[in-house]
1. Kindly flag which residue pairs out of LYS186/LYS349; LYS84/LYS232; LYS79/LYS267; LYS247/LYS267 have an alpha-carbon separation exceeding 32 Å in this structure.
2. List the residues whose amide H sits under 5 Å from the amide H of PHE68, counting only those 5 or more places along or on another chain, with H placed 1.01 Å from N in the peptide plane.
3. Between PHE234 and VAL266, take the C-beta separation as r, use R0 = 35 Å, and let me know the FRET efficiency to the nearest 0.05.
4. Sequence-distant or interchain residues sharing an amide H contact under 5 Å with TYR210, placed H: which?
5. Tell me, what ³J(HN,Hα) does each residue in segment 194-202 have, in order and in whole Hz, if you take phi through Karplus 6.51 cos²θ - 1.76 cosθ + 1.60 with θ = phi - 60° and put x for Gly and Pro?
6. Could you tell me the calculated FRET efficiency between THR218 and GLU124, based on Cβ-Cβ distance and R0 = 41 angstrom, to the nearest 0.05?
7. At a 10 Å Cβ-Cβ cut-off, how would you order TYR145, TYR139, fewest neighbours first?
8. Quick check: net charge around ASN244, other residues with Cβ under 11 Å of its Cβ, Lys/Arg +1 and Asp/Glu -1?
Amino acid sequence: MKKERSGEVLFLSRSARNGAERRSRKRTRGVIGSIIVVLLVAVLGAGYYVFDLQRQFSSKSNTVSLGFSEAEQQARPIKDPDDKSMNILMLGVDHADGNTSEATALDGAVSQRSDSMMLVHIPEDRSQVYVMSMVRDMYVNIPGYGMNKLNAAISFGGVPLLLQTVEGLFDTKIDHVAMIDFEGFKELSTALGGVTVNNDIEFTAHDTDYFYPVGEITLEGDRALRFVRERKSFINGDYQRVANQRKFIAAAANQVLSTGTVTNPVKLYEIVDKVSPYLTFDEDFDAATLVGLGLQLKNVDTENMAMFTLPTAGSSTSADGQSIELASELAIQQIGEALRTDSMAEYLKANPPEGE
């Protein structure tokens, strides 16, 4: 029997800046923004000029229409009308044609893939934010296509099919979708003047001469992009990649909060201008909704944002020869129940991920 595998919990208070890891106890209206690649921290925490930034953000970012048919809509899980918790599917996508402006192309099967998939759960009382990474090679049932890797869903049927797949996996309704093209990581790091992370595994990015030593390193431009995308250099592949992605997001969020960026109009506008074109949201998840959500989360400490990886049941090979990660039916069942009953805190307490 294979041992279940789990990723570590990472909290946003673990900053790697100015030679030491420091705990950030600052509060922000835009906690959810710090997840969506920090841009929204700036937008939601911008004070008196938030609405100017909101307009700029709305004009620059993209919208995806999920376009479910009536039959597909009826087949989706039903959410209790009294359940005010929120589930957001966050995706890091790679546009093969380099065109991030045609957001409507994301509706269907297109030449792209998602290398980063996170399910964000915000409880009804808005006291906490949970971010669960899902490895792309997890072998799951894709509606209409049978068993395949999780990230194959977006190739078969775009974002709508991936959303249906995740909803079916956990028997849980997903309220919104948020996406960032991986080029956005590159632009964000440049706008911030570099993002400092504490790297725990020495590696050289595949097919490059980009060397990443152990310890504090400052990432900017293409080096930042390769850091969040690299997996071939690691024994545990996707597990280390999603850990590095969370590490980058955490470091960037703390950097924004600790350097006065949210009170610097010039810097904020620069970040919004450079990164917004790489962001895509479902049509109901507009800037006004994000601002409202940020206000609801104004009392949440960034140090209490729990980030972890969905446990799997080990590696294997599919019948057609693919290298896959086996889904942990127990973990999926337990997490699905926690999402439906808004009891993620209790689940993590009873099932602490490795490295907590």
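Each value in this text was obtained by applying a stated rule to the coordinates, not by laboratory testing. Just so it is clear, the structure is predicted and the values come from calculations on it, not from any experiment. Reconstructed Cβ throughout: ideal geometry from the backbone, glycine too, with neighbour counts over all protein chains shown.
1. On the way: LYS186/LYS349 35 Å; LYS84/LYS232 40 Å; LYS79/LYS267 40 Å; LYS247/LYS267 22 Å.
Correct reply: LYS186/LYS349; LYS84/LYS232; LYS79/LYS267.
2. none
3. Numbers: r = 38 Å, r/R0 = 1.10.
The value I calculate is 0.35.
4. Under 5 Å from the amide H of TYR210: ALA205.
5. x, 10, 8, 10, 9, 7, 9, 9, 5
6. Numbers: r = 39 Å, r/R0 = 0.95.
Approximately 0.55, to the nearest 0.05.
7. Values: TYR145 14, TYR139 19.
The order, fewest Cβ neighbours first, is TYR145, TYR139.
8. +3
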